[in-house]
Amino acid sequence: MRAGLKRIIALVTVLSIFAGMAGCSHKQKKTPKPQPQPTVAVNNGNADAKGEGDGQSDVPLVIGCNKLSKKFNPFVAKSEDDEQAVGLTQLYLTGNDRQGRIIYNGIDGEVRTYKGRDYTYYGPADIKAIYNKKKDKTVYRITLRNDIKFSDGEPVTIDDVLFTMYVLCDKDYNGSSSLGRQNIKGLLKYQKNKKVKKIAGINRINDYMMTVTTNGYDASMLKSLRIPVCPLHYYGNIEKYNYAKNRFGFKKGDISSVCANKSSPIGAGPYRFVKYEKKIIYYTSNEIYYKGCPKIAYVQLKEMEKILNTTQAKIDRIPEEKPESTLNRNAVALEITEGTVDVFNTTLSKEDIYWVAYANSNDKISGNKINTNFMPTGVYQYIGINADTVKTGRDAYSKKSRNLRKAFATAFSAFRSNLYDYYMDGTCIIQYPVSSSSWLSVHENEKGYSEAYNSDINGSQIYNKETGREEKYEYVKEAVLSYLEAAGYTIDGKKAISAPEGAKMSYMVIIDGGEDNPLYGMVSETAALLHDIGINLRIVPADAGKQYENKLASGKQQFWTGQCDTNEEDSLYAKYLDKNDIFGIRQSGFGKLLKQTEKAAKDARCKRLYKRSYQKIFNIAVEVPVCEQQMAMMYSPARIDMDTMTKDITGYYSWINEIENIEMK
């Protein structure tokens with residue numbers, strides 16, 4: 001039984017290697033460097049800015065959002081919608097590509113390939129990270145482009161960057177930026193007022209160059225440098241800024257002056273904020289934007305919360321089989337088809353997708369009325385396995401213990417395709433505990449790729465009518481029995497009849513939210529399969545929240561459903577070892593490997609270490625990644641020239657990153 005399985009695994013590995021070798025190299029082509037090209041005289045101040053230029057469309061682009069909290073200050077904005085409102089006006093010091101990798105050479109541009117296409121990424125600065133192993137310090141050299149201006153015509157200099165950094169590092173700051181939590185040299189002493197007048201690790205070199213020095217190396221530092229470059233002359237007090245005298249534009253320990261009466265944001269971004277009126281923000285294009293004056297002169301950001309909660313979809317034809325859902329959930333499709341909004345991003349259920357497709361004449365989610373692109377969100381769901389409670393004998397890491405957990409992992413992974421029935425196109429089955437669009441993800445076309453839990457038992461094939469559901473179902477049972485036998489179970493025919501010492505014939509899986517959890521269906525199918533081979537998997541529903549958390553905190557759980565946000569939880573060590581003990585991992589050397597992933601200063605080494613970490617996690621079999629949630633970006637092809645829309649958007653690279661190139665019809 002195991003010999004046949006090994007032959008299939010070997011075949012899959014060979015095919016994967018050939019797939020990696022099949023690609024051919026090509027010469028990357030860089031697009032021209034963008035230059036600010038004002039088309040009209042720059043008007044001082046936002047209120048007087050016209051936003052009109054030669055050849056610009058005067059048809060406004062209307063972006064839908066959920067709820068605006070009117071916190072339109074870059075130092076105060078916290079909600080996703082408020083941050084979007086501010087973001088249209090701001091210039092960010094660093095950026096990343098479509099896979100989440102930092103752009104180091106923003107001034108002259110970097111070419112990166114994604115899905116076979118070359119993309120050139122430009123930014124306002126160059127970032128160079130130099131790690132000194134002997135001193136265990138990292139110096140980040142920041143060089144700012146010298147021809148950028150804020151929308152009011154004032155030049156952008158390093159003093160604006162320094163002012164912004166000091167606000168974000170002040171002890172009075174409590175926003176979403178993580179810069180003030182980094183291990184910057186002298187930062188902690190500065191925040192604790194230990195007679196330190198400046199942050200020792202932040203140093204000005206000249207008007208367009210500076211350095212930031214950290215103790216050790218941490219990959220999160222580069223991410224924390226994605227900060228808005230806020231104008232000192234607007235948000236700060238120029239009279240209180242003197243770098244040589246350790247004065248940074250505001251009173252240390254009190255940023256109220258920076259936040260007060262600054263609800264109309266100013267920056268060096270693609271658009272100028274004009275006004276907020278009746279739940280709509282009005283913008284005009286920034287003619288002196290460093291990547292060129294946007295092709296669309298006017299943008300509106302429209303609050304949709306009330307509309308989404310009250311609007312009933314108006315349809316001119318009734319489908320033969322109407323989904324069992326309220327029509328007001330389909331209000332987004334209605335707003336786009338009727339011309340109220342042009343762009344909106346949201347999550348879509350199976351019923352929502354049905355109605356979006358129904359709005360188009362081709363009955364697809366992209367058609368004449370609505371164009372829909374799904375992008376990974378970085379939030380994924382998984383099945384957790386506690387190594388300390390699911391084992392044979394006393395050694396949780398023996399080959400038999402690992403085979404026991406792999407038996408269950410194989411069974412769970414075989415039914416992941418159930419999620420397509422629940423989400424349809426709104427989900428993506430994943431093999432590794434990371435976003436599918438991340439540069440740290442391991443892709444099938446890479447040499448040496450190893451699929452999780454022998455995924456030649458391909459769950460996506462179970463319901464394939466051509467191969468036969470029953471045939472695949474029996475094949476999965478055979479594979480699970482093979483692992484159980486290797487774990488020491490006694491197998492009689494096609495049933496497990498007794499368990500080895502330390503193992504059980506009955507286990508339980510905790511599902512937060514019970515039947516409302518999207519994973520409930522796949523877990524139920526897994527339990528049915530295990531029942532057929534003599535193993536009882538009891539489903540234990542838990543109320544989402546404290547009840548669920550308490551059950552995991554007990555350390556007695558065996559299997560559970562979980563969710564991980566890789567946008568926030570980017571530390572493998574924090575997830576598997578530091579914050580809690582839910583995975584029951586105590587293997588020597590595992591923590592050291594995970595720590596190394598965070599200390600790798602070079603991209604190539606970092607990726608190798610992450611790959612080793614993923615394979616280690618799968619080898620000890622403590623997690624089954626299931627699916628990554630997808631965000632639906634919905635556009636109006638009737639009003640937007642879709643040929644100019646940003647291509648291949650991901651959770652790391654929004655369509656707004658290239659909003660200056662988009663045109664209306």
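Derivation of every value follows stated rules applied to the coordinates shown; laboratory data play no part. Note that this is a predicted model, so its numbers are computed, not measured. Ideal geometry is used to build each Cβ from the backbone, glycine not excepted, and the neighbour counts take in all protein chains shown.
Worth pointing out:
- Debye log10 I(q)/I(0) for segment 383-630, one point scatterer per Cα, at q = 0.09, 0.17 Å⁻¹: -0.37, -1.45
- Calculated from backbone phi, Karplus (6.51, -1.76, 1.60) coupling profile of segment 369-375 in Hz, x at Gly/Pro: 9, 9, 10, 10, 10, 9, 10
- For segment 100-140, backbone nitrogen atoms closer than 18 Å to the point 7 Å from N203 Cα along Cα-to-C-beta are found at 127-140.
- Dimensions in Å of segment 109-182 - Rg and Dmax from alpha carbons: 16.4, 46
- Multiplying the residue separation of Y114 and S654 by 0.36 nm and subtracting their alpha-carbon distance yields 193.0 nm.
- Net lengthening on full extension, E474/S256 (0.36 nm per residue, minus Cα-Cα): 71.8 nm
- Working note: Karplus 6.51/-1.76/1.60 with θ = phi - 60° gives segment 228-234 the couplings x, 8, 8, x, 4, 5, 9 Hz, where Gly and Pro are set to x.
- Length gained when the stretch I130-K495 is fully extended (0.36 nm per residue, less Cα-Cα span): 125.5 nm
- Cα gyration tensor category, rounded, prolate or oblate, for segment 166-306 with a/c compared to 1.5: prolate
- For segment 61-70, backbone phi angles converted through the Karplus equation (6.51, -1.76, 1.60; θ = phi - 60°) give residue-by-residue couplings of 8, 9, 9, x, 9, 7, 9, 9, 9, 6 Hz, Gly and Pro being listed as x.
- Ranked from largest, the principal axis spans of the Cα set of segment 533-622 equal 45, 33, 21 Å.
- When you count the other C-beta atoms within 10 angstrom of each residue and take the mean per peptide, 582-589, 95-102, 599-606, 161-168 line up highest first as 161-168, 95-102, 582-589, 599-606.
- Translational diffusion coefficient (Stokes-Einstein; Kirkwood radius from C-alpha pairs) of segment 608-665 at 10 °C, 1.306 mPa s, in µm²/s: 107 µm²/s
- For a paramagnetic label modelled on A574 (point 7 Å from Cα along Cα→Cβ), amide N atoms under 16 Å away are absent within segment 83-109.
- By the rule of a C-alpha distance below 25 Å, with chain neighbours fewer than 8 residues away ignored, the lysines paired with K504 are K391, K399, K400, K406, K477, K494, K495, K551, K556, K616.
- Segment 383-630, dipole about Cα centre (Lys/Arg Cβ +1, Asp/Glu Cβ -1), debye to the nearest 20: 1280 debye
- Placed amide H near R247: partners under 5 Å, 5+ positions off or other chain: N242
- Between segment 582-625 and segment 224-268, the Cα center-to-center distance that results, in Å: 40 Å
- Look at where the Cα atoms of segment 128-187 and of segment 489-545 average out, and the two centres are 51 Å apart.
- Placed amide H near Y507: partners under 5 Å, 5+ positions off or other chain: N536, L537, R538
- Amide H partners (placed H, <5 Å) of C293, local residues excluded: Q37
- Value of D in µm² per second that Stokes-Einstein yields for segment 228-285, Kirkwood Rh from Cα pairs, at 25 °C (0.890 mPa s): 187 µm²/s
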